[in-house]
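The values are calculated or read from the model by the stated rules, or taken from the named source; none is laboratory data. On a predicted model such as this, the values are computed, not experimentally measured, just so you know. A quick note on method: Cβ atoms are made from the backbone with ideal geometry, for glycine too, and the neighbour counts reach across all protein chains shown.
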Amino acid sequence: MSAVGRLPLKWIAIFTVAVNLLMIVPPLHMLQVYDRVLTSNSLETLIYITLIAVAALVLYGVAETVRGKLAHRASAQYTIALSDPIFSKLSRNKNAAGGATQVLRDFNSVRSFILSRALMGLFDLPFAPFFIFLMFLLHWSLGVLTLIGLVALLAVALLNKTLTASNSAASKKSDMEALTFAQTVFMRAEDIRAMGLLPAIMTRWGNRMADALQAGDVAANQTATFYGISKSVRKIVQIVIMAWAAYLAIRGDISAGVIFASSMLTARALTPIEQVIGSWDRITHARMAHDNLKQFLADGETPADTVRLPDPTGQISVQGLVYNPSAGSSARPILDEISFELEAGKILAIIGPSGAGKSTLARALVGAITPDSGQVMLDGAQRSQWPEHQWGESVGYVSQEVTLFPASLAENIARLEVQPDSEKVVAAAQAAGVHEMITALPDGYSTEIGPGKLILSGGQKQRLALARALYSDPKVLVLDEPNAHLDAHGETALMAAMQRAREAGRTIIVVTQRRSVLKIADWVMTIRDGRITDYSRPPAQKPGGRQRLQVDVPPLETANGVADAVADSEATAGAEKQGDAA
């Protein structure tokens with residue numbers, strides 16, 4: 001495990017040597033009792049060798065304790081080394097949402113394995129030849145029998161690995177699919193109750209659980225079978241060696257004490273192999289989890305350290321933006337060669353029919369997704385040239401589906417900062433027009449939200465998300481349907497907040513289906529099928545005729561202008577209002 005600290009592993013190995021050397025104390029004590037005490041009838045010898053054995057076994061217990069503590073330290077170092085890279089990679093990976101649960105499960109699987117006795121069994125395994133060597137010192141035939149037993153157990157272990165690998169992988173996959181399905185279902189529990197989907201959901205859940213149980217049952221049965229075989233082989237080897245030692249003692253080739261000493265040494269030589277066989281399923285899962293984490297962290301580019309740039313003015317430039325999540329298929333890109341420029345301190349409204357790619361463009365502008373080609377530049381610098389923290393401070397974003405965190409309202413507005421700036425929190429809430437709503441609550445800004453706490457409406461969430469976006473005083477605001485859940489009062493407050501932001505010099509890009517935003521917009525962009533079909537002043541700002549910015553517009557599509565897109569938007573909004581009225 002490359003992420004586990006070398007120092008703890010080195011000391012675990014050192015104390016493993018001490019543990020295994022001290023394990024020869026019981027057979028040596030037995031040998032001395034039979035060969036010295038019983039033959040001499042010396043009580044003093046018995047007392048002294050017993051005291052020495054007890055002292056050695058106390059050291060053995062100390063060494064085992066230290067090994068356990070070192071394993072805990074190794075697990076802690078593994079957690080510290082990988083937790084930040086994993087969470088950072090999950091936050092940047094556009095495909096990580098579906099696999100985040102699996103990544104975190106793999107992470108915890110490796111951590112728990114480091115703390116388990118299975119890891120100690122792997123450390124003890126290399127000492128099996130040492131105990132076999134001691135058996136050869138007692139008598140060459142005893143060493144041969146022990147070696148035969150060792151080979152038999154290794155054969156069982158090899159069969160265990162070969163025959164259970166595929167079933168273990170299938171069991172893990174089925175279990176993960178069932179867990180992912182359950183998590184997805186629980187997130188939409190209200191929809192399930194409202195639409196009466198529980199019987200169908202239960203059937204699908206039962207089918208997935210049945211697959212997981214069946215695969216797990218096969219893997220568990222195989223592991224249990226091989227573990228039982230290994231225990232049987234070890235016991236048989238011990239019985240055979242004890243019987244053979246007794247035969248040798250009868251012939252006078254060895255002393256009587258060797259009979260019991262050889263049995264104890266054989267057990268110590270074969271026990272680590274038996275432990276590994278019994279823990280093979282856990283070892284296999286930990287190994288697979290470790291490989292998965294290595295692959296996950298290795299995929300993609302590691303962001304290089306970037307130098308903090310001068311504070312931006314808010315000028316946006318987009319060149320040849322292409323995004324196709326189904327790369328390699330015949331599906332049309334969601335964004336297809338998007339190029340435009342927007343000067344600082346202006347409001348751009350992006351309109352168009354549903355499914356045109358508006359929200360995807362907003363996500364690409366803020367860096368939530370990585371385009372297949374093209375560049376998004378802020379003040380002439382590409383997204384990759386901006387330090388992550390500075391980009392987050394400079395670009396505020398309100399997504400279409402607002403997600404707030406289980407914390408206080410102040411902590412949510414402050415982006416979960418450990419020590420929020422109270423003045424900035426209040427200023428952001430006032431700028432977003434949500435200050436009065438918050439102060440009307442009994443606990444004000446300290447009001448906790450989350451499961452079992454205060455439940456906010458969609459409009460309240462959007463206004464809080466706008467306050468969160470304004471908290472860092474960004475130069476660019478990207479708002480995706482910020483008025484979708486707002487009533488007339490909320491929409492008026494939003495328009496006022498956007499006008500104040502423009503007066504403060506902020507650049508605003510707003511995706512909308514409502515015409516009201518066009519009244520304050522400086523430019524309107526129409527998107528259809530992932531392409532810009534019009535980029536011009538809104539109709540109310542064209543006293544001398546239409547003014548256009550120079551953009552790359554595909555031929556034969558320029559006739560689809562703002563008027564058509566506004567009509568589409570009004571139709572969509574009208575349908576939504578009729579649905580609300582119904």
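Laid out as a table, the results:
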read-out	value
Candidate set: the stretch 496-522, residues that are of a type in the set (Ser, Thr, Tyr) and within 21 Å of Arg363 (Cα to Cα); chosen: the one surrounded by the fewest Cβ atoms within 10 Å (Cβ to Cβ)	Thr512
Single match in Leu82, Leu38 (criterion: touching a Phe, Trp or Tyr at 6+ places or on another chain (Cβ under 7 Å), in the same structural domain as Thr266 (by TED's automatic domain parsing) and modelled with pLDDT of 80 or more)	Leu82
Yes/no for His435 being surrounded by fewer than 21 Cβ atoms within 10 Å (Cβ to Cβ) and closer than 21 Å to Ser516 by Cβ	no
Qualifying position, being surrounded by fewer than 21 Cβ atoms within 10 Å (Cβ to Cβ), part of a helix (DSSP H, G or I) and touching a residue at least 60 places away in the same chain (Cβ under 8 Å), among Arg234, Arg308, Arg287, Arg282	Arg282
Among (1) assigned by TED's automatic domain parsing to the domain that holds Thr533; (2) out of contact with any helix residue (DSSP H, G or I) (no Cβ under 6 Å at 6 or more places or on another chain); (3) of a type outside the set (Phe, Trp, Tyr) - the single one Pro406 does not satisfy	(1)
Residues of the stretch 23-45 classified as of a type in the set (A, V, I, L, M, F, W, C) and over 13 Å from Gly257 (Cβ atoms), total	4
Residue in the stretch 526-533 that is more than 22 Å from Leu335 (Cα to Cα) and surrounded by fewer than 19 Cβ atoms within 10 Å (Cβ to Cβ) present	no
Ser255 being over 30 Å from Glu343 (Cβ atoms), small (Gly, Ala, Ser) and in a helix (DSSP H, G or I)	no
Residue within the stretch 276-299 that is in the same structural domain as Asn160 (by TED's automatic domain parsing), of a type outside the set (Asp, Glu) and under 18 Å from Pro27 (Cα atoms) present	no
Flag if Thr45 is modelled with pLDDT of 85 or more, among the β-branched types (Val, Ile, Thr) and crowded, with 18+ Cβ neighbours inside 10 Å	no
Identity of the residue in the stretch 352-398, acidic (Asp, Glu) and in a loop (DSSP other than H, G, I, E, B), that ends up modelled with the lowest pLDDT	Asp372
Sole residue being in a helix (DSSP H, G or I), of a type in the set (Lys, Arg) and in contact (Cβ under 8 Å) with a residue 24 or more places away in the chain, chosen from Lys89, Lys69	Lys89
Test set (1) buried (at least 19 other Cβ atoms within 10 Å of the Cβ); (2) of a type in the set (A, V, I, L, M); (3) under 18 Å from Tyr227 (Cβ atoms); (4) modelled with pLDDT of 85 or more - Leu153 fails condition number	(4)
Test: Ala349 is part of a loop (DSSP other than H, G, I, E, B), assigned by TED's automatic domain parsing to the domain that holds Arg531, crowded, with 18+ Cβ neighbours inside 10 Å and over 26 Å from the mean Cα position of the chain (by Cα)	no
Whichever residue in the stretch 486-507 is of a type in the set (S, T, N, Q) and more than 39 Å from the chain's Cα centre (by Cα) and, among such residues, is modelled with the lowest pLDDT	Thr492
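Residues checked against (1) closer than 29 Å to Met495 by Cβ; (2) in contact (Cβ under 8 Å) with a residue 60 or more places away in the chain:
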residue	(1), (2)
Ser373	no, no
Leu378	yes, yes
Ala381	no, yes
Gly392	yes, yes
Glu411	yes, no
Asp443	no, no
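Results for (1) on the phi < 0 side of the Ramachandran plot; (2) buried (at least 17 other Cβ atoms within 10 Å of the Cβ); (3) not hydroxyl-bearing (Ser, Thr, Tyr), shown as yes or no for each residue.
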residue: Arg204; (1), (2), (3): yes, no, yes
residue: Thr225; (1), (2), (3): yes, no, no
residue: Val258; (1), (2), (3): yes, yes, yes
residue: Leu270; (1), (2), (3): yes, yes, yes
residue: Ala298; (1), (2), (3): yes, no, yes
residue: Gly314; (1), (2), (3): no, yes, yes
residue: Gln319; (1), (2), (3): yes, no, yes
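Here is a yes/no grid of residues against (1) surrounded by fewer than 16 Cβ atoms within 10 Å (Cβ to Cβ); (2) more than 27 Å from the chain's Cα centre (by Cα); (3) hydroxyl-bearing (Ser, Thr, Tyr):
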site: Asp372; (1), (2), (3): yes, no, no
site: Gln375; (1), (2), (3): yes, yes, no
site: Pro387; (1), (2), (3): yes, no, no
site: Trp391; (1), (2), (3): no, no, no
site: Leu404; (1), (2), (3): no, no, no
site: Glu417; (1), (2), (3): yes, no, no
site: Leu441; (1), (2), (3): yes, yes, no
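Every residue, every condition in (1) more than 21 Å from Asp106 (Cα to Cα); (2) small (Gly, Ala, Ser); (3) modelled with pLDDT of 80 or more; (4) not in a helix (DSSP H, G or I), yes or no:
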position	(1), (2), (3), (4)
Trp205	yes, no, no, no
Ala212	no, yes, no, no
Gly228	yes, yes, yes, no
Leu248	yes, no, yes, no
Ser263	yes, yes, yes, no
